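Q: So that we are looking at the same thing, I have put the structure below in structure tokens.
The values are calculated or read from the model by the stated rules, or taken from the named source; none is laboratory data. Predicted model, so just to flag it, every value in this text is computed and none were measured. Ideal geometry is used to build each Cβ from the backbone, glycine not excepted, and the neighbour counts take in all protein chains shown.
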Amino acid sequence: MSLKLAVGDLTIHRIIEQETTFLPALDLLPALTPELLAENRPWLQGTGALDSKDVLVLCFQSYIVKTPHHTILIDSCIGNDKPRPLRPKWNMKTDNTYMRMLATAGFAVEDIDFVMCTHLHVDHVGWNTRLHDDRWVPTFPNARYIFGKDEFDYWTEQNATTPAPAFVDSVLPVVEAKRAEIVRNDYEIGDHLRILPTPGHTPGHVAFTFGRGKDDAVFCGDLMHSPLQTRFPELSAKFDVDQAQAASTRRGFLERYCDTDTLCCTAHFPSPSMGKIRRRGEGFSCDPIATA
């Protein structure tokens, strides 16, 4: 399985930390009925998105995009040494998978110019920091970390009421190290990266579009977790802060990119995780693209 793809003047690398069972489909997607699951079970299992016990298989990964001028990492995954007691597969991890995958793709932590976060959930910020002499320090020492203002403000407010562990150990240390930029949705990097607001999963959730003059690729974060949500955009995840808004945003996103040449790079779909959005009945599909 190749983890590299060229599109336009971009090169996209997938850095996979885990690809594994996550939650039962009927648990993650509260509006999903047993009947609808049964109708779609064959193709979901055929694409590796569902196991034999109706548990969804998710990929947890970062993307690295090389533009002609920058090396940009999108969503820094789970991380090591982080206390995550509610998720045994993530709790106090010490494996070398992520760093090994980074090296295999030809990158060192010093090579990353920007770290971009679609949102600030635990499995999208974990490698923002690493443990060094009992302190959390930025993993990518030369990078500017870009956090959306709406998202940052939301978690600042949440953390003031109830401590948000991922915000405390994977976001605030970057701010304290003066490596963070808190930006609005009109932020751009050169003529290659733009922010596309996609609220619902969290209030400040965003996607990132890449390409000079057009969207060659879009990175959609947790706008959708499973290919089933392309077929049925009204199926929101239980983790969506506003499930109705998430469903509306998802359908709008899928309409925007349906039947275009834009490569949709999902955060959690099983490998190959990337595809083209196509219309399918009243819904859509994300048709996987062969990687080179």
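Q: Scan region 125-170 for residues that are among the charged types (D, E, K, R), under 16 Å from M92 (Cβ atoms) and either assigned to a helix (DSSP H, G or I) or out of contact with any Gly (no Cβ under 9 Å at 6 or more places or on another chain) (or both) and jot them down. Please lay out each step first, then the result.
A: Just the residues of region 125-170 that are among the charged types (D, E, K, R), to begin with: 130, 133-135, 144, 149-151, 153, 157, 169.
Add one more test, that the residue is under 16 Å from M92 (Cβ atoms), and what stays is 130, 134, 169.
Hits for region 125-170 are D134, D169.
Q: Then there's this: So which of D123, D186, D111 ends up being modelled with pLDDT of 95 or more and more than 16 Å from Y63 (Cβ to Cβ)?
A: Working: D123 fails: more than 16 Å from Y63 (Cβ to Cβ); D111 fails: more than 16 Å from Y63 (Cβ to Cβ).
Only one candidate passes the filter, namely D186.
Q: Would you check which residues across region 68-111 are under 22 Å from G211 (Cβ atoms) and either among the charged types (D, E, K, R) or within 18 Å of the chain's Cα centre (by Cα) (or both) and list them? Please lay out each step first, then the result.
A: Within region 68-111, the subset under 22 Å from G211 (Cβ atoms) is 68-75, 105, 107, 111.
Correct list: T71, I72, L73, I74, D75, D111.
Q: Hey, another quick one. Check E181 against each of (1) part of a loop (DSSP other than H, G, I, E, B); (2) more than 17 Å from the chain's Cα centre (by Cα); (3) modelled with pLDDT of 95 or more and name the one condition it does not meet.
A: (1)
Q: Same structure, new question: All but one of (1) out of contact with any Pro (no Cβ under 9 Å at 6 or more places or on another chain); (2) closer than 24 Å to H119 by Cβ hold for C59; which doesn't?
A: (1)
Q: Turning to a different aspect of this structure: Of all residues in region 108-124, count the ones that are out of contact with any strand residue (DSSP E or B) (no Cβ under 8 Å at 6 or more places or on another chain) and in a loop (DSSP other than H, G, I, E, B). Outline the logic, then answer.
A: Of region 108-124, the ones out of contact with any strand residue (DSSP E or B) (no Cβ under 8 Å at 6 or more places or on another chain) are 108-110, 121-122, 124.
Among the residues that remain, those that are also in a loop (DSSP other than H, G, I, E, B) are: 108, 121.
The qualifying residues number 2.
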